Amino acid sequence: MRPKIEAFGLSDIGHVRKKNEDVFKILEEHLLFSVADGMGGHRAGDIAALHATTHINNLLAKTLLSTVSIDQIINHINLAIKEANFRVFNLSRSNRDYSGMGTTLCFLHLNSSHAIFAHIGDSRIYHYQKNSFIQLTKDHSLINKLKDQNKNCDKKTCKNIITKAIGTYPKIEPSIDTIPYEIGDIFLMTTDGLTDYISNEHIKKIIEFSKSPQILCENLIKEAKNNGSSDNITALAVKIIE
């Protein structure tokens, strides 16, 4: 049975950047949601983010119509992300103005009982339930890589250095997983312009006093800007109604 949802996304250029390289897409009829953050300091980050999200959603809007099992869905998402990566990579090589472009990506699809989610880079997906708040994704970042190796990393030196991105190499391996959901659950997708400036604990509190996905996104972006975010800021929230 198809879930009934309420979804809303919002993106803000922020205080410092001259253009917004974040992109989000909501395909509510297909229960597809994506957020991408064009890589700062690289040419045409916004182009990479737009191409990646558009291509992935176009592919999956067709292929998931006849897909039943979770394993099939995971396979389709995996292939779509890999194909989008290869397209962005080739585009960056074919046009000098696009050289070096790349983007993070987080992606969410809802079937009748589970959320299937994927990510590349440090854009995040959270899952809120009445008694819990979980960060579903683990940043593909230098800080996390060194932590896994029991090595220290100065935050100022390693800050915002990501170890995976769409379009920077011809091949990519996305992280994909699933989680069951219930009525009242909220999935939140964000870029680092938000999560670098609001702690997970504070995000949870904002979720709890925000009455709708729209108000939640507005409150989160307002808080990130109040905290001095120097990046583009994007939030996308999906609430399970029934």
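The values are calculated or read from the model by the stated rules, or taken from the named source; none is laboratory data. In this text the structure is predicted, and so the values were computed from the model without any measurement. Note that we place each Cβ from the backbone using ideal geometry, even for glycine, and neighbour counts take in every protein chain shown. Remember, those area values only see protein heavy atoms, side chains included, never the ligands or the DNA or RNA. Shrake-Rupley method; radii C 1.70, N 1.55, O 1.52, S 1.80 Å.
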Review point. Within the set of pairs 6+ apart or on separate chains, which have a first residue in the stretch 59-82 that is more than 14 Å from GLU173 (Cβ to Cβ), a second that is among the small types (Gly, Ala, Ser), and C-beta atoms under 6 Å apart?
Key: LEU59/ALA80; LEU60/ALA80
Review point. Are there any pairs, at least 6 apart or on different chains, whose C-beta atoms fall under 8 Å, with the first in the stretch 17-35 and closer than 14 Å to LYS239 by Cα and open to solvent by less than 50 Å² (accessible area, probe 1.4 Å) and the second of a type in the set (D, E, K, R) and not in a strand (DSSP E or B), and if so, which?
Key: LEU31/ARG2
Review point. Out of curiosity, is GLY100 touching a His at 6+ places or on another chain (Cβ under 8 Å), outside any helix (DSSP H, G or I) and not hydrophobic (A, V, I, L, M, F, W, C)?
Key: yes
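Give me the residue from the stretch 21-66 that is part of a loop (DSSP other than H, G, I, E, B) and in contact with a strand residue (DSSP E or B) (Cβ under 7 Å, 6 or more places away or on another chain) and, out of that set, modelled with the lowest pLDDT.
Of all residues in the stretch 21-66, those part of a loop (DSSP other than H, G, I, E, B) come to 21, 31, 39-44.
Next, from what is left, pick out any that are in contact with a strand residue (DSSP E or B) (Cβ under 7 Å, 6 or more places away or on another chain): 21, 31, 39.
Working: GLU21: 94, LEU31: 96, MET39: 85.
Ranking the qualifying residues of the stretch 21-66, first place goes to MET39.
Would you be able to say whether some residue in the stretch 86-97 is touching a strand residue (DSSP E or B) at 6+ places or on another chain (Cβ under 6 Å) and buried (at least 16 other Cβ atoms within 10 Å of the Cβ)? Steps first, please.
In the first step, residues of the stretch 86-97 are kept if they are touching a strand residue (DSSP E or B) at 6+ places or on another chain (Cβ under 6 Å); the result is 88.
Next cut, buried (at least 16 other Cβ atoms within 10 Å of the Cβ) only: 88.
Yes, the stretch 86-97 has at least one match.
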Practice item. Output the qualifying pairs, or none if there are none: Cβ atoms under 6 angstrom, residues six or more apart or on different chains, first residue in the stretch 185-211 and touching a residue at least 24 places away in the same chain (Cβ under 8 Å), second residue part of a helix (DSSP H, G or I) and charged (D, E, K, R). Key: ILE198/GLU223
Point to revise | Among the candidates ILE203, ILE198, residue that is open to solvent by less than 10 Å² (accessible area, probe 1.4 Å) and assigned to a helix (DSSP H, G or I) | key: ILE203
**Study point:** Breaking point among (1) closer than 27 Å to GLU182 by Cα; (2) open to solvent by 20 Å² or more (accessible area, probe 1.4 Å); (3) not aliphatic (A, V, I, L, M), for TYR126
**Key:** (2)
